[in-house]
Structures are given as C-alpha cells and as structure tokens.
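Peer 1: Can you read through this structure? Questions will come right after.
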Amino acid sequence: ASDGRPSIRELAGEWIFSRAVFPATAADDRRYLDEVLRGGAAWTDRSGAHPVSEAVIARLLAAREEVDAFLDECLEEVVAARPKLVGFTSIFQQHLASLALARRVKEALPDTVVVLGGANCEDAMGAETVRQFPFVDAAVSGEADLVFPEMVVRVLAGRDLRGLPGVRTREGVAGEFQAGRFNTAPMVQDMDGLPYPDFGDYFAQFAASRFRRDWQPSIFFESSRGCWWGEKMHCTFCGLNGTTMAFRSKSAARVLSELGDLTAAHPGCDVQVVDNILDMAYFKDVVPELARRPLDLDLFYETKSNLRKDQVRQLRQARVRTIQPGIESFSDSVLRLMRKGVSGLQNVQLLKWCKELGVHPAWNVLWGFPGEDPAEYARMAELVPLLTHLPPPVGCTDLRLDRFSPNFVAAEALGFTDVRPLAPYRHIYRGLGEEALRNLAYYFSFRYREPRDVAAYVSPFVRALRAWQKAGPGSDFFSVDVAERLVLWDLRPKAKEPLTTIAGPARALYQACDAATDLRTLADAHAMASGEVEENLGPLVERGLMIRQGGRHLALAVPLGDYAPGQAVVQRFEALAA
C-alpha cells in the first residue's frame with residue numbers, strides 16, 4: 001500500500017508461514033524481501049507498485065520468528081485431544097498456516113485424518129493441495145455442511161473417503177486432473193436446516209486471553225449464501241462464490257430467532273453478517289421486525305448500492321449501523337464494464353442518504369478495467385471535490401484478477417492476456433512448477449491485450465480521492481428549509497460561496513432532486529417545460545450545489561432533520577454565521 005503497509009499483493013501472511021512447509025535459505029528470504037516487499041508487488045507492471053516500509057518488514061520478520069513456537073502451542077492442544085479427524089477451513093491468506101499445522105499434526109498423529117476445506121480448496125485448488133502435500137488426506141470443494149458428517153462417520157468406522165461428492169482424495173485426484181473436471185460438494189438448499197452456531201468455546205478462550213481488556217469481540221452471523229445479483233449478472237471482478245453462486249437465505253423466523261439467541265447469550269457484541277449481499281425480501285419482514293425488537297446489537301451487512309431512501313431508513317431503525325455497498329465507481333460506463341447494474345448518480349445518492357440517516361457506508365473504488373475511457377477518470381477527478389462532505393471510500397485500488405471471476409474465466413474475451421499466478425506465489429510455494437502454482441493460486445497478474453497506462457490517467461482521480469479521505473468532519477454541506485426559502489450552507493473546501501439561498505421554482509426543483517431525477521419527470525411534476533427546468537437548475541449545477549449526469553440531476557446538500565452536524569462543523573458554521 002502507498003502508506004508502507006503490505007497489501008494482499010505481497011501475500012505476506014502466507015510468506016510468514018511458508019518456511020514451516022518449504023524450508024528456506026537466507027538467500028530465499030532476501031529474494032522475497034527485495035523483489036516483492038522492497039521492489040513493490042503489482043497486478044500488472046511496476047507502475048502501480050509501492051514498496052513496503054522497512055519498519056513493517058522488520059515486524060514481518062519478527063512475526064516469522066514466532067511461527068515455530070505458535071505452531072508448537074497449537075499442536076499441543078490438538079495432540080491433547082487425540083482426535084480421529086482434524087479439519088482446517090482455509091480462506092484468504094490462511095493456506096500456508098493451515099498446511100504448516102496440518103503437517104505437524106500428521107507427523108505427531110499419523111493415524112489422524114487431516115482434511116482441508118474453505119475457499120482456498122475449491123475446484124482445482126483443493127485437488128492440487130491433496131496432490132502436492134502428502135500430509136493432507138482429503139480436501140472438500142464447495143460447502144462441506146452436508147458431506148462432512150458422512151466423512152466423520154466413515155473415519156470413525158475405519159472406511160476410506162473415496163466417492164464422496166466434492167471430496168478430493170489422493171487416490172482420485174489423478175483421474176480428476178486427467179479429465180479436467182472437479183466435482184463439488186452438494187450445496188445446502190434448506191438454510192433453516194443448518195444448526196445454530198455455538199460460540200461458547202470462543203468466548204471462554206477470549207475471556208482467558210490478554211485481549212479481553214482492549215478488544216470488543218465480534219460474532220459472525222450468516223443469513224444467506226450465494227449472490228442473487230451474481231446469478232443474474234456476475235460482476236466481472238468478483239471471485240466470490242466460485243462454485244456456489246446460487247442464492248439461498250434463511251427464513252425471517254430463523255434469522256430473528258438466531259439473532260435473538262446470540263444477543264441474549266453474548267450481550268453487547270458486534271454482529272458481523274457474512275452474507276455477500278442482503279436479501280431484499282428481508283425489507284418486508286426481517287428488517288421491520290428487528291426495528292421493533294429491543295435487541296442489543298449493531299449489525300453490518302453487505303448490500304447492493306441501488307437502495308431506496310426508505311430502505312436506508314429501515315436499516316438504521318433496525319440497528320444496521322454499517323453497510324458495505326458495492327459502489328466501486330461514479331462512472332456509468334465503467335460501472336457497465338463491471339456489470340454492476342447501477343449508475344454513478346445512484347452511488348452518490350446512497351452516500352448522501354447514508355450520511356443523512358446515520359448509516360455508515362464502508363465502500364471501495366476500483367479502476368483499471370479493459371476498455372474504460374480515460375476521460376471518465378478526468379471527469380470523476382472534477383466530481384470528487386463536490387462530494388467531500390459525504391463518507392469517503394475506505395479503499396481505493398486498481399483492478400485485481402481473482403480466480404472464478406469473469407475476468408479470470410473469460411480473460412481473453414474481456415481484454416486480458418498473459419494471466420499467471422501472482423509473483424509472490426513463487427516465493428511462498430518454493431520449488432513447485434508452473435502448473436501447480438496456477439492450480440494453487442487465487443490471485444493472478446496480467447497484461448492488457450490493448451496496452452494502457454492506467455497509473456497515468458487515474459492519478460488526478462486518485463489525488464482527489466486522497467484529499468477526500470483527508471478532508472475530515474469539518475467538510476460539510478447541508479440545507480435548512482426556512483420560510484419558503486432553502487438555505488444551503490457549504491463548508492466544503494471547494495465551496496464557491498458559504499451561503500446560498502434558493503426560493504421559488506428553483507427551491508422546489510432542488511428538493512425534488514433529493515433522488516436522481518430526469519428533466520422530463522421534473523417538468524411533468526412541476527408543470528414546467530424542460531427548458532424552464534434546465535434554466536432553474538443549470539446555475540446550481542455550475543456552482544457545484546448539485547450534479548448532472550446522463551440527463552438526471554441530484555441535489556448534493558444534506559437536509560437538516562435526521563442529520564445534525566458534528567461539533568467541528570457547528571463551530572465552523574457559527575463562525576461563518578457571525
């Protein structure tokens with residue numbers, strides 16, 4: 001990352017544990033440090049790379065020195081239980097840590113069956129894991145809920161695991177590689193049939209740890225699987241739900257019952273919902289009922305960004321305090337390349353409504369899609385200073401190529417070439433061949449079929465985004481409706497005037513553009529000609545008080561009422577008013 005911290009590009013979490021699986025020399029370590037951490041890892045070329053700071057490198061090296069002692073402690077707990085079967089769930093940068101402990105378990109307990117599952121074991125990844133690591137007896141591709149109980153029965157009965165759907169075993173992987181087909185475990189269809197999770201062991205361990213004094217524990221809760229939007233139109237960059245895209249959700253009764261049990265057992269805990277997308281049907285039953293029930297919880301949900309204002313209000317009333325909306329861009333054409341199914345103005349209006357209604361949006365910006373128009377980034381660089389009163393993005397980054405995403409599956413058709421495992425994999429899985437690396441990797445580097453200097457044309461936009469992130473709570477823009485006049489107080493850094501008063505038709509039209517609205521709708525609703533509407537709103541667009549895109553207008557000021565400015569804004573406001 002540009003601030004000297006490692007990003008996912010360096011795979012530093014995997015490298016820390018790699019020596020426990022692949023013996024490394026001092027020269028091996030220096031190559032990773034120099035080529036990846038100091039050299040700057042990138043998805044495409046070095047133009048977007050940032051070196052990791054020496055201070056962070058020192059901490060990574062120190063963490064690496066703790067690995068053996070950590071694994072010994074973990075092994076001691078496992079051996080004390082004398083298990084017949086040990087299972088590891090591996091996602092993100094957990095594969096080498098899982099393999100490192102799995103190796104030690106097998107060495108200490110040769111008769112114990114070692115099974116891996118999770119996103120890092122889907123499709124060819126799990127098959128290659130079994131093929132390359134003899135201490136792994138099996139890997140499950142897909143959801144293990146239905147097949148794992150049968151695995152346990154067979155292990156306890158001394159029977160082998162061959163023939164179970166989605167279960168990779170050493171005897172079967174050669175045939176699967178030869179056929180080029182890797183079957184998947186059956187998906188859970190009845191989400192209500194899943195057992196209620198029991199977090200008792202976790203909280204007992206947490207209470208006995210040093211973290212209990214400073215950390216607020218979180219509970220992870222699942223109300224659905226898959227993605228209903230991905231079933232219709234898979235976002236081109238998304239590699240989630242590799243073999244399990246079909247959307248399934250729990251009933252309202254089950255969701256409410258489970259949340260009630262969790263909050264009663266663990267009062268005051270933060271509840272992080274792990275769903276990839278909010279079930280829109282929940283606005284009819286789950287969300288209203290959560291608003292009615294006096295549950296002690298703050299919820300997080302991932303959502304699509306085309307929420308209506310009343311839906312944002314419902315979420316706030318239901319104590320969904322944080323959402324992760326799939327915003328990613330303010331350009332209609334770039335959003336179409338992503339297959340997001342929303343417009344740039346919809347994304348801005350959601351940010352405005354979130355600020356007004358008190359829902360925090362944790363959102364990201366992406367760029368670098370083949371075929372995108374560089375002029376769109378110049379336009380967005382001019383737009384961003386008008387948005388600095390709204391919640392800024394938490395992440396800003398170039399496009400990543402993930403396994404299972406359409407960009408990976410249809411790379412050539414979508415404008416990519418020379419797709420290969422990300423460079424750090426060669427330092428992590430030392431000595432493995434190109435085919436094995438490709439099967440184990442989840443992240444890939446690439447080149448554009450039509451070369452483009454992405455770093456150059458996005459740089460003004462990136463600078464604007466960084467300035468937005470640094471603007472802080474003192475940047476604000478709000479409106480007060482007083483005596484048939486709309487007073488706009490503009491405390492954004494780029495404000496042309498701190499105070500604007502709108503009356504007459506312009507006031508009514510501005511308020512009607514709380515949501516993005518086209519000229520014809522405005523004209524019909526206010527008995528005006530389109531030219532008259534444009535005449536009233538044009539000067540407001542020119543002054544940056546509203547924005548126009550694709551023939552639609554959106555007011556930017558946040559109305560006072562549900563929203564009240566913070567102390568920093570109040571102080572600036574009072575000084576200006578005086």
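Peer 1: Of the numbered conditions (1) touching a helix residue (DSSP H, G or I) at 6+ places or on another chain (Cβ under 8 Å); (2) small (Gly, Ala, Ser); (3) touching a residue at least 60 places away in the same chain (Cβ under 8 Å); (4) part of a helix (DSSP H, G or I), ALA568 fails exactly one; give the number of that condition.
Peer 2: (1)
Peer 1: I've got another one for you. Out of ASP514, ASP562, ASP518, which single residue is without any contact (Cβ under 8 Å) to a residue 40 or more places away in the chain, surrounded by 13 or more Cβ atoms within 10 Å (Cβ to Cβ), among the acidic types (Asp, Glu) and under 22 Å from ARG308 (Cα atoms)? Outline the logic, then answer.
Peer 2: Values: ASP514 fails: without any contact (Cβ under 8 Å) to a residue 40 or more places away in the chain; ASP562 fails: without any contact (Cβ under 8 Å) to a residue 40 or more places away in the chain.
Just a single option satisfies the conditions, and that option is ASP518.
Peer 1: Return the pair list, or none, for Cβ contacts closer than 9 Å from residues in the stretch 173-186 that are in a loop (DSSP other than H, G, I, E, B) to residues that are among the aromatic types (Phe, Trp, Tyr), at least 6 apart or on different chains.
Peer 2: Listed by first residue and then by second, the contacts come to ALA185/PHE148.
Peer 1: I've got another one for you. Of the residues LEU414, LEU437, which is under 30 Å from GLU231 (Cα atoms) and assigned to a loop (DSSP other than H, G, I, E, B)?
Peer 2: So the residue among LEU414, LEU437 that is under 30 Å from GLU231 (Cα atoms) and assigned to a loop (DSSP other than H, G, I, E, B) is LEU414.
Peer 1: Can you pull out the residues in the stretch 548-559 that are of a type outside the set (D, E, K, R) and surrounded by 13 or more Cβ atoms within 10 Å (Cβ to Cβ)?
Peer 2: Passing the criteria: GLN549, HIS553, LEU554, ALA555, LEU556, ALA557, VAL558, PRO559.
Peer 1: Which of the residues belonging to the stretch 12-27 are under 17 Å from ALA62 (Cα atoms) and in contact (Cβ under 8 Å) with a residue 12 or more places away in the chain?
Peer 2: Within the stretch 12-27, ALA12, GLY13, GLU14, TRP15, ILE16, PHE17, SER18, ARG19, ALA20, ALA24 qualify.
Peer 1: Residues of the stretch 41-64 being open to solvent by 20 Å² or more (accessible area, probe 1.4 Å), modelled with pLDDT of 70 or more and either under 18 Å from PRO421 (Cα atoms) or under 21 Å from the mean Cα position of the chain (by Cα) (or both), which ones?
Peer 2: Correct list: THR44 only.
Peer 1: Can I ask one more? Take the residues of the stretch 30-40 that are modelled with pLDDT of 80 or more and not aliphatic (A, V, I, L, M): which is nearest to PRO6 (Cα to Cα)? It would help to see each step written out before you state the result.
Peer 2: Here is the first cut: in the stretch 30-40, the ones modelled with pLDDT of 80 or more are 30-39.
Add one more test, that the residue is not aliphatic (A, V, I, L, M), and what stays is 30-32, 34-35, 38-39.
On the way: ARG30: 17, ARG31: 16, TYR32: 13, ASP34: 14, GLU35: 14, ARG38: 10, GLY39: 12 Å.
Once the filter is applied, the top-ranked residue is ARG38.
Peer 1: While we're here: Only one of ARG225, ARG212 is touching a helix residue (DSSP H, G or I) at 6+ places or on another chain (Cβ under 8 Å) and either under 30 Å from ALA410 (Cα atoms) or modelled with pLDDT of 95 or more (or both). Can you tell me which?
Peer 2: It is ARG225.
Peer 1: A further question follows. Could you please give the count of residues in the stretch 276-322 that are touching a residue at least 12 places away in the same chain (Cβ under 8 Å), charged (D, E, K, R), under 22 Å from TYR563 (Cβ atoms) and in a helix (DSSP H, G or I)?
Peer 2: 3
Peer 1: Looking at the stretch 197-208 only, could you name the residues that are surrounded by 11 or more Cβ atoms within 10 Å (Cβ to Cβ) and either among the small types (Gly, Ala, Ser) or in a loop (DSSP other than H, G, I, E, B) (or both)?
Peer 2: PRO197, PHE199
Peer 1: Looking at (1) in contact with a strand residue (DSSP E or B) (Cβ under 9 Å, 6 or more places away or on another chain); (2) closer than 23 Å to PRO83 by Cβ; (3) open to solvent by less than 60 Å² (accessible area, probe 1.4 Å), which is the one condition that is false for PRO217?
Peer 2: So PRO217 meets the others, but not (2).
Peer 1: Can you tell me how many residues within the stretch 184-196 are touching a helix residue (DSSP H, G or I) at 6+ places or on another chain (Cβ under 8 Å) and either more than 14 Å from GLU143 (Cβ to Cβ) or open to solvent by 40 Å² or more (accessible area, probe 1.4 Å) (or both)?
Peer 2: 2
Peer 1: Only one of ALA80, ALA144, ALA100, ALA69 is assigned to a helix (DSSP H, G or I) and either open to solvent by less than 20 Å² (accessible area, probe 1.4 Å) or touching a residue at least 12 places away in the same chain (Cβ under 8 Å) (or both). Can you tell me which?
Peer 2: Selected residue: ALA100, the only one of ALA80, ALA144, ALA100, ALA69 that is assigned to a helix (DSSP H, G or I) and either open to solvent by less than 20 Å² (accessible area, probe 1.4 Å) or touching a residue at least 12 places away in the same chain (Cβ under 8 Å) (or both).
Peer 1: When the residues of the stretch 423-434 are narrowed to those that are in a loop (DSSP other than H, G, I, E, B) and in contact with a helix residue (DSSP H, G or I) (Cβ under 7 Å, 6 or more places away or on another chain), which ends up modelled with the lowest pLDDT? Reasoning before the result, please.
Peer 2: Of all residues in the stretch 423-434, those in a loop (DSSP other than H, G, I, E, B) come to 423, 429-433.
This time we only want the ones that are in contact with a helix residue (DSSP H, G or I) (Cβ under 7 Å, 6 or more places away or on another chain), so: 423, 429-430, 432.
On the way: ALA423: 92, TYR429: 97, ARG430: 95, LEU432: 96.
Looking at the filtered set, the residue picked out is ALA423.
Peer 1: Also, quick follow-up: Considering each of SER257, SER223 in turn, give the residue that is farther than 26 Å from VAL334 by Cα, open to solvent by 30 Å² or more (accessible area, probe 1.4 Å) and among the hydroxyl-bearing types (Ser, Thr, Tyr). Quick ask: steps written out before the conclusion?
Peer 2: Details: SER223 fails: open to solvent by 30 Å² or more (accessible area, probe 1.4 Å).
Checking each option against the conditions leaves just SER257.
Okay, residues lined up against (1) buried (at least 19 other Cβ atoms within 10 Å of the Cβ); (2) closer than 25 Å to PRO421 by Cα; (3) basic (Lys, Arg):
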site	(1), (2), (3)
PRO451	no, yes, no
ALA455	no, yes, no
PHE461	yes, no, no
GLN469	no, no, no
GLY472	no, no, no
ARG485	no, no, yes
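Peer 1: Is one or more of the residues making up the stretch 115-129 open to solvent by 20 Å² or more (accessible area, probe 1.4 Å), farther than 13 Å from THR184 by Cα and in contact with a helix residue (DSSP H, G or I) (Cβ under 7 Å, 6 or more places away or on another chain)?
Peer 2: No - not one qualifying residue is present in the stretch 115-129.
The values are calculated or read from the model by the stated rules, or taken from the named source; none is laboratory data. Only a predicted model underlies this, so the values are computations on that prediction, with no experimental measurement involved. A quick note on method: Cβ atoms are made from the backbone with ideal geometry, for glycine too, and the neighbour counts reach across all protein chains shown. Remember, those area values only see protein heavy atoms, side chains included, never the ligands or the DNA or RNA. Shrake-Rupley method; radii C 1.70, N 1.55, O 1.52, S 1.80 Å.
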